[in-house]
1. Looking at region 1-52, which of its residues are at pLDDT 95 or above, open to solvent by less than 20 Å² (accessible area, probe 1.4 Å), within 21 Å of residue 66 (Cβ to Cβ) and in a helix (DSSP H, G or I)?
2. Residues of region 53-111 being of a type in the set (D, E, K, R), part of a helix (DSSP H, G or I) and free of Cβ contacts under 8 Å to residues at least 60 places away in the same chain, which ones?
3. All but one of (1) modelled with pLDDT of 95 or more; (2) in contact with a Gly (Cβ under 8 Å, 6 or more places away or on another chain) hold for residue 337; which doesn't?
4. Residues in region 312-329: is at least one of a type in the set (Gly, Ala, Ser), open to solvent by less than 10 Å² (accessible area, probe 1.4 Å) and out of contact with any Ser or Thr (no Cβ under 9 Å at 6 or more places or on another chain)?
5. Name the pairs whose Cβ atoms lie under 7 Å apart, with the first residue in region 305-322 and assigned to a helix (DSSP H, G or I), the second β-branched (Val, Ile, Thr), and 6 or more positions between them or separate chains?
6. Residues to consider are 203, 141, 156; find the one that is surrounded by fewer than 19 Cβ atoms within 10 Å (Cβ to Cβ) and at pLDDT 95 or above.
7. Which of the residues that make up region 60-85 are modelled with pLDDT under 95 and on the phi < 0 side of the Ramachandran plot?
8. Could you check region 257-279 and list, in sequence order, the residues that are under 14 Å from residue 21 (Cβ atoms) and part of a helix (DSSP H, G or I)?
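The values are calculated or read from the model by the stated rules, or taken from the named source; none is laboratory data. Since the model is a prediction, treat every value here as computed from it, not as a measurement. A quick note on method: Cβ atoms are made from the backbone with ideal geometry, for glycine too, and the neighbour counts reach across all protein chains shown. The area values use the complete protein model at the heavy-atom level, side chains included, leaving out ligands, DNA and RNA. Shrake-Rupley method; radii C 1.70, N 1.55, O 1.52, S 1.80 Å.
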Amino acid sequence: MSLTFHWFLPTNGDSRHVVGGGHGTPATAFGRNRPPTVAYLSQIARAAEDLGFVGVLTPTGAWCEDAWLTTAMVSRHTERLKFLVAFRPGFVSPTLAAQMASTFQRQTGGRLLLNVVTGGESHEQRAYGDFLDKDARYRRTGEFLQLVRYLWEGKTVDLAGEHLQVEDARLARVPDPVPEVYFGGSSPIAGEIAARHVDVYLTWGEPPAQVAEKIAWVRGLAAKEGRTVRFGIRLHVITRDTAEQAWTEAHKLLGGFDPDTVKSVQAGLARSESEGQRRMLALHGGNREDLEIHPNLWAGIGLVRGGAGTALVGSHDEVAERIKEYHALGIDEFVLSGYPHLEEAYWFGEGVLPRLAAQGLWQHPFAPTSTPAAQVPFTS
């Protein structure tokens, strides 16, 4: 099976520096270097499509532009690229969300994927009018996904759940195809929801041993539900012709981290209720030293950014080997990003993907398998 790669739309702004923010922390000033205009995001989307990324992830939260509206506009500037739209179930009714997804599928030719974000920060949720605690939010997510799937199947739904209630809910037109649901979470209740309802379980880029534990955990829970789940990982990448060049870029990014900003961001992230965020923080402990926590896995991004905080750093061959290492554990989908997102998409797409193609692990999803880009590794 060919590996699947997705890229990232930086709807919080882009830069040659790390744009911080997320998980209750605001985007850093670097996000104003390249504002997230439709024109710029469309450049990134078209590059991702040409290079062979299947889709692009858009984040959700107060720190970025709205994912639904932005991707709807950017989709008009692409032809085949899918949009992995992050959204929070507590902010919109399930019937409306099912309808929005159905409309998106028809208007884009079936190019919607859904990244369900339950929300790990109560103070940010309250700003949107959501006052449930974390466990209750996950239980609501389970009800939400069950109801939405019934609607997508064309059923008429009456539900009086713990958190959601609808009567005579139905869609005039069901989506074709039904969007796949992506989901992440490291707490016990998150695993239960993933096992019952999602198609792809996403983890942030922890070292392989920890990722293997997560995969075994979710796979076991899904088996008890009589289901199978695919697995993906969210990582940044810094890949160059040589390892020295890649690590020079990583150290350049690290040099741009203002100590006061690091201190402020780390203090904010330490208040996070997210188990996944806690695991990210534990990888570096706020320390600027010893950030290579596994060969070619660098935890520096997490000093100033919430959420995904690790990057694969190295030569194209080394990064390809790390991808193979994660794939051997059971990871089939990779959701990647890099600063700036336009240039880094080309470094990865022209440097790493051809090497994986030469080994039979990847093929361009939008082009014949005999294209030169799928056979000849890029060198500068």
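1. If the condition is that a residue be at pLDDT 95 or above, open to solvent by less than 20 Å² (accessible area, probe 1.4 Å), within 21 Å of residue 66 (Cβ to Cβ) and in a helix (DSSP H, G or I), then 41, 42, 44, 45, 48 are the ones that fit.
2. Passing the criteria: only 76.
3. Among (1) modelled with pLDDT of 95 or more; (2) in contact with a Gly (Cβ under 8 Å, 6 or more places away or on another chain), residue 337 violates only (2).
4. No, that holds for no residue.
5. If the second residue must be β-branched (Val, Ile, Thr), the pairs left are 316/239; 316/352; 319/237; 319/239; 319/352; 320/352.
6. 156
7. Matches in region 60-85: 60, 62, 63, 64.
8. 261, 262, 264, 265, 266, 268, 269, 277, listed by residue number.
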